[in-house]
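Read the structure below first, then the notes.
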Amino acid sequence: MTQNIYDDEGFFAGYSRLPRSVQGLDGMPEWPTLRAMLPDLKGRSVVDLGCGFGWFCRWARENGAASVLGLDVSEKMLARARDETGDKAISYERADLEQLDLPEGAFDLAYSALTLHYLENLEGMLAVVHRALRPGGWLVFSAEHPIYTAPTNPGWHADAAGRKTWPVDNYLNEGPRSTDWLASGVIKRHRTVATYLNLLIGLGFTIMRIEEWGASAEQIAAHPEWTDEDQRPPFLLVAARCV
């Protein structure tokens, strides 16, 4: 079963205070880039894999989607999503993405933000998604960049210029990584960029765009604390299509 760390009281409390939890999509520094990778949503049927508080579900409807299904393993996340949604064209369901079941040919877009790196059975989930997409349908997702998930002993040191640098350890050694982020023992699944892309290609997706996100000059000017992010990309963004 997918690790349900988001229903841990301490983790949920910490996560709820993050900018992306308070400000929604506007609190996601990668959102402008991810948004530009999305297809036109007018009249489309959308599934959000790991929908969290439902920010994207509501945005998709506001931008023309005909229906949106939000899936998440966390009851706490879903409860808030339902509380903040008053649109009958948006539905939320609890689902373990490790054992995902979706109807064949039911969706035009599958979207997922910072969820796939938690999944052990990623290939199985992506196979279900591929079957659930109509011909020409899109899969657009973000995941923690493998350079970010790779270190088994995360930490940083200052280079000669005083900037933070991070070691990359065991990059090719894929598997679970236990990290302490908002709670101890959070398990993330490290995969290489090649593994992500080859899984998609092997299942019949056509890769349309890839971004290794870094803050723009305008974003750094507004958020100087993001300057160190140019040392490594925190997010991998991928758009793929069933053609």
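The values are calculated or read from the model by the stated rules, or taken from the named source; none is laboratory data. Values in this document were obtained by computation on a predicted structure and should not be read as measured data. For accessibility, only protein heavy atoms count, side chains too; no ligands or nucleic acids. Shrake-Rupley method; radii C 1.70, N 1.55, O 1.52, S 1.80 Å.
From the Kirkwood radius over Cα pairs of the chain, Stokes-Einstein at 25 °C and 0.890 mPa s returns a whole-number translational diffusion coefficient of 132 µm²/s. Of 135, 39, 224, the residue with the greatest mean-square motion in the GNM of the chain, using alpha carbon springs below 10 Å, is 224. With a 1.4 Å probe rolled over the protein heavy atoms of all chains, the accessible area of 61, 191, 35 falls in the order 35, 61, 191, largest first. DSSP bridge analysis restricted to the chain gives an antiparallel fraction near 55%, rounded to the nearest 5. Think of a 1.4 Å ball rolled over the protein heavy atoms: the chain then has 47 Å² of accessible area per residue.
Counting lysine pairs in the chain that sit 8 or more residues apart in sequence, or on different chains, and whose Cα atoms lie under 25 Å apart gives 4. Hey, any idea what % of the chain's accessible area is carbon plus sulfur with a 1.4 Å probe? For the chain, the apolar C and S fraction of the accessible surface comes to 49 percent.
Could you order 76, 88 by accessible surface area, starting with the largest, using a probe radius of 1.4 Å?
Largest accessible area first, the list is 88, 76.
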